[in-house]
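Asker: Below you'll find the structure I mean.
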Amino acid sequence: MNIKKKTSSGKLEALIRMEESNEGFFKSVKEVLNSGISGIDGVLISLIKFDDKLAKAIEATVSGNLQDIIVEDKEVAKKCIAFFN
């Protein structure tokens, strides 16, 4: 069980460290972030702030969504979607 805890918090820490260069994100996430589309606020993991003691809880709660792209409004979201079409 201790190994699993270390792995979980390790994934979260790696994502936090890599967000500045967009490295380690899924290819599609990286492409949208580097697209130059105005109104992209960033990736969820880079926008939330929390105490280190909550890292495991945060990852357990939103683990599949840590790389979600946060945008200003639905028009920006539509531009991001259209980017791939």
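Asker: Say whether the condition of being at pLDDT 95 or above and assigned to a helix (DSSP H, G or I) is met by at least one residue in the stretch 6-26.
Answerer: Checked against the condition, which is being at pLDDT 95 or above and assigned to a helix (DSSP H, G or I), the stretch 6-26 yields no hits at all.
Asker: Against the condition within 9 Å of the chain's Cα centre (by Cα), surrounded by 13 or more Cβ atoms within 10 Å (Cβ to Cβ) and touching a residue at least 24 places away in the same chain (Cβ under 8 Å), how does residue 43 come out, does it pass?
Answerer: Answer is yes for this residue.
Asker: Now for a different question. Would you mind stating whether residue 47 is aliphatic (A, V, I, L, M) and under 16 Å from residue 11 (Cα atoms)?
Answerer: Spelling it out, it is not the case that residue 47 is aliphatic (A, V, I, L, M) and under 16 Å from residue 11 (Cα atoms).
Asker: So, one more: For the stretch 60-70, how many residues are within 14 Å of residue 11 (Cβ to Cβ) and under 11 Å from the mean Cα position of the chain (by Cα)?
Answerer: Count: 6.
Asker: Please specify each residue of the stretch 69-82 satisfying the condition of being surrounded by 13 or more Cβ atoms within 10 Å (Cβ to Cβ) and either at pLDDT below 95 or more than 11 Å from residue 37 (Cα to Cα) (or both).
Answerer: If the condition is that a residue be surrounded by 13 or more Cβ atoms within 10 Å (Cβ to Cβ) and either at pLDDT below 95 or more than 11 Å from residue 37 (Cα to Cα) (or both), then 69, 70 are the ones that fit.
Asker: For residue 30, only one of the following conditions fails: (1) modelled with pLDDT under 75; (2) under 23 Å from residue 82 (Cα atoms). What is its number?
Answerer: For residue 30, the failing item is (1).
The values are calculated or read from the model by the stated rules, or taken from the named source; none is laboratory data. The shown structure was predicted, so the numbers you read here are calculated from the model rather than taken from an experiment. Glycine gets a Cβ as well: all are built from the backbone with ideal geometry, and neighbour counts include every protein chain shown.
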